[in-house]
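So that we are looking at the same thing, I have put the structure below in structure tokens.
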């Protein structure tokens, strides 16, 4: 990917990160709270479905690495937060449909 780094590009990249326990990407699950971009620095603020999630390091590392591998010369910081707490209402309509909600 070349050109300007946009929130839309980062969001599309993050859709490739699948929560292994649920089988849905972290964007549609509503786990990505914010994306800030300043020049070649991308800061992603996200959460997980539960604070004790055993996939904590795997998912955040995956998110960081997939951005870095897709966009050359970018620096990525993924911050994991627990407030506001994740709830199922943060999921996209597609995710809710996939889970039969």
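The values are calculated or read from the model by the stated rules, or taken from the named source; none is laboratory data. All values derive from a computational prediction rather than experimental measurement. Counting neighbours? That spans all protein chains shown, and the Cβs are built from the backbone with ideal geometry, glycine included.
Please give the number of the condition residue 64 fails out of (1) assigned to a strand (DSSP E or B); (2) farther than 27 Å from residue 101 by Cα.
Here residue 64 meets the rest and fails (1).
So residue 48 clears everything in (1) over 13 Å from the mean Cα position of the chain (by Cα); (2) free of Cβ contacts under 8 Å to residues at least 40 places away in the same chain; (3) in a loop (DSSP other than H, G, I, E, B) except one condition, right? Which one?
Of the numbered conditions (1) over 13 Å from the mean Cα position of the chain (by Cα); (2) free of Cβ contacts under 8 Å to residues at least 40 places away in the same chain; (3) in a loop (DSSP other than H, G, I, E, B), the odd one out for residue 48 is (1).
Mind listing just one residue for me: the one in the stretch 91-101 that is under 16 Å from the mean Cα position of the chain (by Cα) and either at pLDDT 95 or above or part of a loop (DSSP other than H, G, I, E, B) (or both) and, of those, nearest to residue 52 (Cα to Cα)?
The qualifying residue nearest to residue 52 (Cα to Cα) is 91.
When you go through (1) surrounded by fewer than 17 Cβ atoms within 10 Å (Cβ to Cβ); (2) assigned to a loop (DSSP other than H, G, I, E, B); (3) at pLDDT 95 or above one by one for residue 43, which number turns out not to apply?
(2)
Can you find, within the stretch 67-84, the residue that is farthest from residue 17 (Cα to Cα) among those that are part of a helix (DSSP H, G or I) and in contact with a helix residue (DSSP H, G or I) (Cβ under 8 Å, 6 or more places away or on another chain)?
Only one residue tops the list, namely 70.
Which one is farthest from residue 18 (Cα to Cα), of the residues in the stretch 85-98 that are in contact (Cβ under 8 Å) with a residue 60 or more places away in the chain and surrounded by 13 or more Cβ atoms within 10 Å (Cβ to Cβ)?
Filtering first and then ranking leaves 90.
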